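Please treat every number below as a calculation from the coordinates, not as lab data. Everything numeric here is computed off the predicted structure, so don't read it as measured data. Quick reminder, even Gly has a Cβ in these numbers, built from the backbone with ideal geometry, and neighbours come from all protein chains shown.
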Amino acid sequence: MLNTLRKAAQALAAVAVMIASISLATATPAAAAGATSCPSDGYITRWDRCTSLSNGVLSLRTVSAGNYITVNYYRSSGSSLSAKLGYERSGSSVYSSYINMSTTPFHYERSWSVSASCAVVYGKLLTSGGTLYVTPAADPC
């Protein structure tokens, strides 16, 4: 009986390891909450906006009366790219450091906790070559 229980426990452990490895192999990054498609007007919700690019979607999310901002770039294709994610609010822009965005398809995301403000927010993607992409304005309040 004890031997049977040991074998059952070993089999269960093996199944758990297999499930965990499958989950890790197929897991999407936490950043996968960003848009993978975008309506032509860029309007997802009052707090969420997006812009369709030739090789992906740049999206912006604001929550909690504008004190939390998330910018996500879903990159669906393309060769190597180095770019910064950022946002603009009240005429001031804030950017992440450069990110190697060569993996496709993949979500690249940066978030900021900021002081609450009802000022509109724009999501931004600035390439190392100087090209700037901007989402439509989101109203956080």
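Assorted remarks:
- Globularity index of the stretch 66-141 is 1.11 (Cα radius of gyration / 2.2 N^0.38 Å, N = number of residues).
- Karplus (6.51, -1.76, 1.60) ³J(HN,Hα), θ = phi - 60°, over the stretch 86-92, in Hz, Gly and Pro reported as x: x, 8, 10, 8, 6, x, 10
- Environment charge at Ser97 (Cβ cut-off 11 Å; Lys +1, Arg +1, Asp -1, Glu -1): +2
- Relative contact order of the stretch 30-134, pairs being alpha-carbon contacts under 8 Å that are 6 or more residues apart, as %: 27
- For the stretch 62-70, backbone phi angles converted through the Karplus equation (6.51, -1.76, 1.60; θ = phi - 60°) give residue-by-residue couplings of 10, 9, 6, 6, x, 9, 9, 10, 10 Hz, Gly and Pro being listed as x.
- Separation in nanometres of the label points that stand 7 Å from Cα toward Cβ, at Arg46 and Ser76: 3.0
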